[in-house]
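Take a look at the structure set out below.
The values are calculated or read from the model by the stated rules, or taken from the named source; none is laboratory data. Note that the coordinates shown come from a computational prediction; the quantities given were computed from them, not determined experimentally. For neighbour counting, all protein chains shown are included, and Cβ atoms are generated from backbone atoms with ideal geometry for every residue, glycine included. Only protein heavy atoms, including side chains, enter the accessible area calculation; ligands, DNA and RNA are left aside. Shrake-Rupley method; radii C 1.70, N 1.55, O 1.52, S 1.80 Å.
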Amino acid sequence: MTTHKLLLLPGDGIGPDVMTEVKSVLAWIEKAGLAGFELEEDLVGGAAFDAHGKAISDDAMALAQAADAVLFGAVGGPKWDDVPYDVRPEAGLLRLRKDMELFANLRPAICYGALADSSSLKREIVEDLDILIVRELTGGVYFGEPKEIIDLGNGQQRGIDTQIYDTYEIERITRVAFDMARTRNGKVTSMEKRNVMKSGVLWNQIVTRVHAEEFSDMELDHMLADAGAMQLVRRPKQFDVIVTDNLFGDVLSDIAAMLTGSLGMLPSASLGAPDALTGRRKSLYEPVHGSAPDIAGSGNANPIAMISSLAMALRYSLDMGDTASLIEKAIANVLDQGIRTADIYTDGMTKVGTHGMGAAILSELDSLSEGTEA
Ligand code: IPM
Ligand code: MG
């Protein structure tokens, strides 16, 4: 049996609440004899700041670099509103992304039929939605220099962020988008703002060239990012794969998340380039929802996005696609049975807490795997 090295970084807010349910699923996988896990756990975000005065320690970074996959909960909360910018909780996540070169962020937005009524949009617009946002994650305005607030000396200050994209960064994210599209419906929509941004002009040109040279058997569309945002709520099922930059991807993926009924449903994968020798990609898996400090520790958080993030880790990093599909099936079945956490609750359903949802998924895993053996 293969043993996989995982680093768990639960973080702040509801991060630890939902990570507890993931640990139970990992234990289930081991007990079922499907794989073994060597688990390390460390601090990130506000929790790391409280312990070390840094949003992530060098030791935790070393564990992350050595792991087969990192499972990340969430960071941030009002408690750390006033800590210095460089060590704010989010800096821990940004350092992981940057130092591990996790340039490709995959954010699938799938609307389970059973949840179509939890979306703020009409059922027919979102039912059976299945799109994938491929967000560039290590470039753009998040990391471009200069990034500072300067004093103009006349009583005025100036805040500066810099949007930068180089050819190779656009090429490699375009390739990931088309590789993903090949396993889906073969269509990529690229979003930028070439009507006002030079980086958008370059983005558009490079995506067009990579498509023509390497992926011309598939379909490519371009959309201005603002029009794309509008189309995402107007007719989201027109999309298959959306490829976009770091900042637009941040915004567009929150929109896509709400189409599915709740932010509590959306997993994500952040991948680096394949290693030249082993082919292994560095990777981090995290729910798209944040730390939700208002419900942290209340036992009401939805663990589905975190458990689905584990499923993505099994599929993309651990070569355990069958187990990933089993977990996804268990989640869909639990939703079909009307079991709901508060964020996706509608009248007549059975309301459960974080642990109740985790337990329901485990018991469904039991039934599904008995079915397989029989
Ligand atoms: C996300 C989050 C992060 C981002 C924050 C926590 C830094 O919003 O992963 O979407 O802006 O990328
Ligand atoms: Mg975001």
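In order along region 68-82, the Karplus-derived 3J(HN,Hα) couplings, from 6.51 cos²θ - 1.76 cosθ + 1.60 at θ = phi - 60°, round to 6, 7, 10, 9, 10, x, 7, 10, x, x, x, 4, 10, 4, 9 Hz, and Gly and Pro are given as x. In the full protein context, region 1-115 carries 40 Å² of accessible surface per residue, based on a 1.4 Å probe and ignoring ligands, DNA and RNA. How many angstrom lie between the C-alpha centres of region 111-144 and region 325-342? Centre-to-centre distance over Cα atoms comes out at 18 Å. Once backbone amide H atoms are built at 1.01 Å from N, Ile242 has Leu132, Ile133, Val134, Thr189 as its partners under 5 Å, excluding neighbours fewer than 5 places away on the same chain.
Membrane-span-like helices in the chain, defined here as complete DSSP H runs extending at least 15 Å along the helix axis by their C-alpha atoms with mean Kyte-Doolittle hydropathy no lower than 0.0, are 15-31, 246-259, 304-316, 321-336; this is a sequence and geometry rule, not a statement about a membrane. Sorted on the mean count of surrounding Cβ atoms within 10 Å across their residues, most packed first, peptides 119-130, 292-303 read 292-303, 119-130.
Principal semi-axes of the equivalent ellipsoid, √(5λ) from the alpha carbon gyration tensor of region 1-133, are 29, 23, 14 Å from largest down. Counting only protein heavy atoms and a probe of 1.4 Å, the accessible surface of region 174-302 is 54% carbon and sulfur. Once neighbouring chains are kept in place and the probe is 1.4 Å, which whole percent of the accessible area of region 1-101 is contributed by carbon and sulfur? Summing carbon and sulfur atoms, their accessible area is 51 percent of the total for region 1-101. Highest-first packing order for the peptide set 328-340, 210-222 is 328-340, 210-222, based on the mean count of other beta carbon atoms within 10 Å.
In terms of packing, defined here as the mean over residues of other Cβ atoms within 10 angstrom, the peptides 350-358, 141-149 line up highest first as 350-358, 141-149. When +1 charges are put on Lys and Arg Cβ atoms and -1 charges on Asp and Glu Cβ atoms, the dipole computed for the chain relative to its Cα centre reaches about 680 debye. Charged side chains reduced to their Cβ positions (Lys and Arg at +1, Asp and Glu at -1) give region 1-91 a dipole of some 220 debye around its Cα centre.
Estimated from helices alone, the mean residue ellipticity of the chain at 222 nm is -13000 deg cm²/dmol (sum of -39500 (n - 2.57) over DSSP H runs with n ≥ 4, per residue). Based on protein heavy atoms only, region 253-328 ends up with 34 Å² per residue of surface accessible to a 1.4 Å probe. Shape call for the chain from the C-alpha gyration tensor, a ≥ b ≥ c root eigenvalues: rounded (a/c under 1.5), prolate (a/b greater than b/c) or oblate? Judged from the Cα gyration tensor, the chain comes out rounded (a/c under 1.5).
Entry note, region 30-148: relative contact order of 21 percent, from Cα contacts under 8 Å with a spacing of 6+ residues. Measuring from centroid to centroid over Cα atoms, what is the spacing of region 1-55 and region 183-262 in Å? So the separation of the two Cα centres works out to 33 Å.
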